[in-house]
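Novice: This is the structure I have questions about; it appears just below.
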Amino acid sequence: MTDSFHVEGAGVVFLSRIFSVERRKVSSATESFERDVAVHPGAVAVLAINARGEIGVIHQYRAAFDRVLLEIPAGTQDVAGESARDAAQRELEEELGCRAAHWRLLGLFMNSPGWTNQVMTIFEARDLTEVDRRPVGPEERRAHVSWLSPLALRSKLRSEAAIDSTTAVALHRVFGTFFNDD
């Protein structure tokens, strides 16, 4: 039988507008240690598919990598009382300029459980209606929107050294063997 761990206590060591970092004291019957954990309110992402079967993506600058990345619309659940689906609709309007009549939950995944408690909720959105984009922040204002066929998107993503994990998970959940050779 394994020795079971539990968090005994935590203190905030860093606070930002999006997340905080807690130093957590973890114990079991035989040992204790500390871990720093990025505490995040959660995020949503949307795999938007238009009537032609094309997938909406944004080309957006990301400071963490100092380059423009190709991603599906996504964002933090940072509005009090807002459901994950409502946050996804908000992100879809902000980033792609669309509303969706049909939504399907594709699932949730833990981004990197070794250092953050962030959970990403991914939706598929169809029956899209174009609306005005409502970008928030300088990166979104300068982002470029593209609609790509699954084959064109696969080709583009395969040419990248590394791709956004949220985009990869969403594509895999809808297209199954999307990244496997035909």
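Novice: Compute the acute angle (0 to 90°) between the alpha-carbon long axis of helix 84-95 and the principal axis of greatest extent of the alpha-carbon atoms of the chain; round to the nearest 10°.
Specialist: Around 50 degrees separate the two axes.
Novice: Please determine, in degrees from 0 to 90 and to the nearest 10, the orientation of helix 165-175 with respect to the longest principal axis defined by the Cα atoms of the chain, where the helix direction is its Cα long axis.
Specialist: 60
Novice: Okay, helix-only estimate at 222 nm for the chain: each DSSP H run of n ≥ 4 adds -39500 (n - 2.57), divide by all residues, round to 500 deg cm²/dmol; what do you get?
Specialist: After summing the helix terms and dividing by the residues of the chain, the value is -6000 deg cm²/dmol.
Novice: Tell me which GluC sites (Glu not before Pro) from the stretch 78-182 have a DSSP coil assignment and no more than 14 other beta carbons within 10 Å of their own.
Specialist: When the GluC sites (Glu not before Pro) of the stretch 78-182 are filtered for loop state and at most 14 Cβ neighbours within 10 Å, 82, 160 remain.
Novice: In terms of the Cα gyration tensor, with a ≥ b ≥ c the square roots of its eigenvalues, is the stretch 43-175 rounded because a/c is under 1.5, prolate because a/b exceeds b/c, or oblate?
Specialist: Here the stretch 43-175 falls in the rounded category.
Novice: For the chain, set up a Gaussian network in which alpha carbons nearer than 10 Å are linked by springs, and say which option among 125, 74, 152 fluctuates the most.
Specialist: 152
Novice: Express the relative contact order of the stretch 43-175 as a whole percentage, based on alpha carbon pairs under 8 Å and six or more residues apart in sequence.
Specialist: Relative contact order comes out at 33 percent.
Novice: May I pose another question? Just to be sure I understand: with springs between alpha-carbon atoms less than 10 Å apart, which residue in 20, 32, 83 has the highest mean-square fluctuation in the Gaussian network model of the chain?
Specialist: Among 20, 32, 83, the largest mean-square fluctuation in the Gaussian network model of the chain belongs to 32.
Novice: Follow-up question, since we're still on this one. Mean-square fluctuation check for the chain, GNM, Cα pairs under 10 Å: which of 67, 17, 35 is largest?
Specialist: Fluctuation is largest for 17.
Read-outs: derived from the displayed coordinates by stated rules, not from any lab. None of the values given here were measured: they were computed from a predicted structure. Cβ atoms come from the backbone with ideal geometry, glycine included; neighbour counts cover every protein chain shown.
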